[in-house]
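Inspection log for the structure reproduced underneath, given as structure tokens.
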Amino acid sequence: MRRYEVQNSVLNGEIGVPGAKNSSLALLAAACMAGEDVILENVPDILDVEVIKDIYDDINIKHMNKDGNLHINSGEVLSGDICPVKSSRYRASYYFIGAFLHRFGRVSIGYPGGDNFGSRPIEQHVKGFQALGADILYKEDHYVVYLDKGKKLIGNKIYFDVITSGATMNILMAAVLAEGRTILKNAARDPEVVDLAMMLSRMGAKIKGAGTDTIVIDGVEKLGGCTHRVIPDRLIAGSLLIAAGATGGSVKVKDIIPEHLMSIISKLEEAGMEFEIGEDYIRNKVINQPMGIKVTTGMYPSFATDLQQPMTALLINANSDSQITEKIYPNRFRHCHELNKLGAGIIIKEGRSIIPGKHNLKGEWVEATDIRAGISLIIAGMMAEGTTYITGIEHLERGYPDVVEVFQSLGGKIEYKENLIEKQCEIETA
Ligand SMILES: CC(=O)N[C@H]1[C@@H](OP(=O)(O)OP(=O)(O)OC[C@H]2O[C@@H](n3ccc(=O)[nH]c3=O)[C@H](O)[C@@H]2O)O[C@H](CO)[C@@H](O)[C@@H]1O
Ligand SMILES: C=C(OP(=O)(O)O)C(=O)O
């Protein structure tokens, strides 16, 4: 079985951070909105990006890696029919709708995949597309968003009932080429939204207010090419700082935008960690034992739901009880069941985890059930005595490029292993 084997470690050193997955997935769709060359710098080398390149190939979007940058040209794109199987392999395939609706008047796509931690509705995306004049058809393994013959996307005022980064970015893309003005109210303020707005503006879009809860878009007739650098991944940066603290080490995380990490840094400070913060780096100071704290997740700039899992691992070693209240995905606690196999003693109760602290962990077989669950298990494995065997590593591969090499470079004892018998069978049946 493919797995990581992790042993007790102390992380020290310095490390750069790759481009953000959650930005890149939107930017890679937005890059197909112009017929001209779009050059994306800092795109992470992760599974979700490989799937997108596969989708590009299917519909004749040219892409090429050159000097570490991704050159994309959709001048000869064939259609907005995206393979349902491939688009269901990751969550954010829905961005192809926002990107292609104006161009083809019809986008057919598989239902969103991605991490499975309970209900992840898309009705706010649907509401937004409908407000701009589109209709939607639900089929068995895919859905179709379309404009009736002769109809165009027309700008509108859209109020999101919940704050959603996905719907904000999707409707932003569609609105950029809609006729007239669109106003998005109760929009998400995430750095990834701002990153997308920056790139679209470079392509010629007229957008004001990205990063606030009201975004105003004045439609333009067409977009052109551009060069854009993906923002650094704040979730990887945060995970590495937590990992350093949890293992009793000190790591300088470089090439980041420290402001994007303010909520996590504030909570880590409450737990007793200290930091040196530079213009583009953060370094933690060594801490022996964190203090127990209360964390509540929320949309940016609140504490990210994607960082509560590594935070949970750190708090297993705290000097008193901690509590994490999950407001974005109330059932996102599968990592806690796995951490309990290592001896964490976490109790899950009504959208909340209670982490008793002061628990010594012991290596065991555990399963990464989503990207962030995986990173919490690596951290816990480095805190535990003995060997921790982590399966389900394809989840980590969706979001953390070269995760083994990254941790190894900081002194982490982690190795990738695969079962030789299974490997042999693969070779023989190939
Ligand atoms: C690829 C990507 O960028 N994934 C991130 C994105 O997911 P994703 O874009 O799916 O998450 P959203 O920001 O849309 O979701 C935020 C909240 O809104 C709710 N909602 C969302 C859409 C909708 O139509 N209706 C609705 O009720 C969700 O259930 C959730 O409670 O933001 C999540 C929340 O920060 C992160 O965990 C994911 O890593
Ligand atoms: C939930 C996540 O990803 P996705 O939305 O792509 O499933 C994540 O990155 O933690």
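Put in order of Cβ neighbour count within 10 Å, fewest first, the listed residues Phe160, Phe303 become Phe160, Phe303. Of the residues Val85, Asn12, Thr297, the one whose Cα sits farthest towards the positive end of the charge dipole of the chain is Thr297 (charges of +1 on Lys and Arg Cβ, -1 on Asp and Glu Cβ, taken about the Cα centre). Taking other residues whose beta carbon is less than 14 angstrom from the beta carbon of Glu397, and scoring Lys, Arg as +1 and Asp, Glu as -1, yields -3. So how strong a dipole does the chain carry about its Cα centre when Lys and Arg Cβ are +1 and Asp and Glu Cβ are -1, to the nearest 20 debye? Around 1100 debye, computed over the chain. Separation of the alpha carbons by more than 20 angstrom is noted, of Lys185/Lys208; Lys21/Lys294; Lys152/Lys222; Lys86/Lys139, for Lys21/Lys294. Largest GNM mean-square fluctuation among Met291, Met383, Met169, using the chain with Cα springs under 10 Å: Met291.
Within the same chain, aspartates and glutamates fewer than 8 places from Lys358 are excluded, and of the rest, those with a Cα less than 14 Å from its Cα are Asp321. When the Gaussian network model of the chain links Cα atoms closer than 10 Å, the mean-square fluctuations of Thr214, Thr247, Thr388 top out at Thr214.
With both residues required to sit in the chain, DSSP beta bridges show an antiparallel share near 70%. Between Tyr400, Tyr146, Tyr94, the Gaussian network model of the chain with springs among Cα atoms under 10 angstrom shows the greatest mean-square fluctuation at Tyr146. Inter-part distance, segment 327-353 to segment 2-45, computed on C-alpha centroids, equals 27 Å. With a Förster radius of 56 Å applied to the beta-carbon distance between Lys294 and Lys413, the computed FRET efficiency rounds to 0.95.
The residue list Asn116, Asn73, Val144 was ranked by how far each Cα lies along the charge dipole of segment 40-183 toward its positive end, using unit charges on Cβ atoms, and Val144 comes out on top. With q set to 0.09, 0.11 Å⁻¹, the log10 of I(q)/I(0) for segment 238-374, from the Debye formula over equal scatterers at the Cα positions, is -0.24, -0.36.
Subtracting the Cα-Cα distance of Glu350 and Glu269 from 0.36 nm times their residue separation leaves 26.5 nm of extension gain.
Per-residue ellipticity at 222 nm, computed for the chain from helices alone with -39500 (n - 2.57) per DSSP H run of at least four residues, works out to -9500 deg cm²/dmol. Just to confirm the filter: which GluC sites (Glu not before Pro) across segment 253-312 are DSSP coil and have at most 14 other Cβ within 10 angstrom of their Cβ? Filter output for segment 253-312: Glu274, Glu279. Across all C-alpha atoms in segment 21-229, the radius of gyration and Dmax reach 15.4, 43 Å.
Across the chain, the relative contact order, built from alpha-carbon pairs under 8 Å that are at least six residues apart, equals 20 percent.
Hey, any idea what the orientation-averaged projected area of the convex hull of the chain's Cα atoms comes to, in nm²?
20.3 nm²
Averaging Cα coordinates gives a centre for segment 97-159 and one for segment 165-189; these two points are 13 Å apart. May I ask which residue of Cys32, Val51, Gly166 lies farthest towards the positive end of the charge dipole of the chain, with charges of +1 (Lys, Arg) and -1 (Asp, Glu) on Cβ and the Cα centre as origin? Going by the charge dipole, the pick is Gly166.
Read the figures in this text as sums done on the coordinates, not as results from a lab. Being a predicted model, the structure only gives us computed values, none of them experimental. Every residue, glycine among them, receives a Cβ derived from its backbone with ideal geometry; neighbour counts consider all protein chains shown.
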